[in-house]
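Structure below; questions to follow.
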Amino acid sequence: MSDAQQTIRAGSRVLMHFSLALPDGTEAVSTFDGEPESVVLGSGDLTAGLEQVLIGLKKGDKQTLELTPDQAFGAWEEAKLQWLPRTDFSPELTLEPGVAIAFETPSGEEVPGTITEVGERRVNVDFNHPLAGVDIVFSVEILEVGEPES
């Protein structure tokens, strides 16, 4: 494969190790001690901002960048806090602040939500990404770059 083919561009399949951490070093997720992640740029596997910082990298490249919320997971939005009836939740489910739950949208898409408050009749759920509104330190090591699919 030529150098041009090994350069990450839109549609490339990328095998990489990565970590997402807060600026204070608190790690949110990392693949460096486990299996690498395979993503296709443009498929929605990553946010547009994370994809942008991969464009132009090649196999063997390592990079660590601090990203703003706009470059990573977006701003935190109060509109994404929703009160849901307690009856919408399974009685077996432990409802307490901090518990993350997968919810299904009417279109069948699965979205994560985090319980922020539990009332007698309602439960407040935050549908913002857990890393929304914060700066993120994104570290990446590119292991393989595959050709964009036609």
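The values are calculated or read from the model by the stated rules, or taken from the named source; none is laboratory data. It should be emphasised that the depicted structure is a prediction, and the values quoted were computed from it without experimental measurement. Cβ atoms come from the backbone with ideal geometry, glycine included; neighbour counts cover every protein chain shown.
Please specify each residue of the range 113-122 satisfying the condition of being part of a strand (DSSP E or B) and either modelled with pLDDT under 90 or over 27 Å from Pro69 (Cα atoms) (or both).
Matches in the range 113-122: Val118, Arg122.
Another question, if that's okay. Quickly run through the range 66-103 and pick out the residues that are exposed (fewer than 14 other Cβ atoms within 10 Å of the Cβ), touching a residue at least 24 places away in the same chain (Cβ under 8 Å), touching a strand residue (DSSP E or B) at 6+ places or on another chain (Cβ under 8 Å) and of a type in the set (A, V, I, L, M).
Correct list: Ala100 only.
Of the residues Pro106, Pro130, only one is without any contact (Cβ under 8 Å) to a residue 24 or more places away in the chain and surrounded by fewer than 16 Cβ atoms within 10 Å (Cβ to Cβ); which?
Pro106
Give Val53, Val29 a once-over and let me know the one that is among the hydrophobic types (A, V, I, L, M, F, W, C), loosely packed, with under 12 Cβ neighbours inside 10 Å and under 27 Å from Ala10 (Cα atoms).
Details: Val53 fails: loosely packed, with under 12 Cβ neighbours inside 10 Å.
Answer to the check: Val29.
Okay, next question. Return the only residue of Val99, Val111 being more than 30 Å from Ser12 (Cβ to Cβ) and aliphatic (A, V, I, L, M).
Testing whether each residue is more than 30 Å from Ser12 (Cβ to Cβ) and aliphatic (A, V, I, L, M) leaves just Val99.
OK, next. Residues that are farther than 23 Å from Asp135 by Cα and of a type outside the set (D, E, K, R): which strands (runs of 3 or more DSSP E) entirely in the range 28-110 hold 3 or more of them?
In the range 28-110, 81-85, 100-104 are the strands (runs of 3 or more DSSP E) which contain 3 or more residues that are farther than 23 Å from Asp135 by Cα and of a type outside the set (D, E, K, R).
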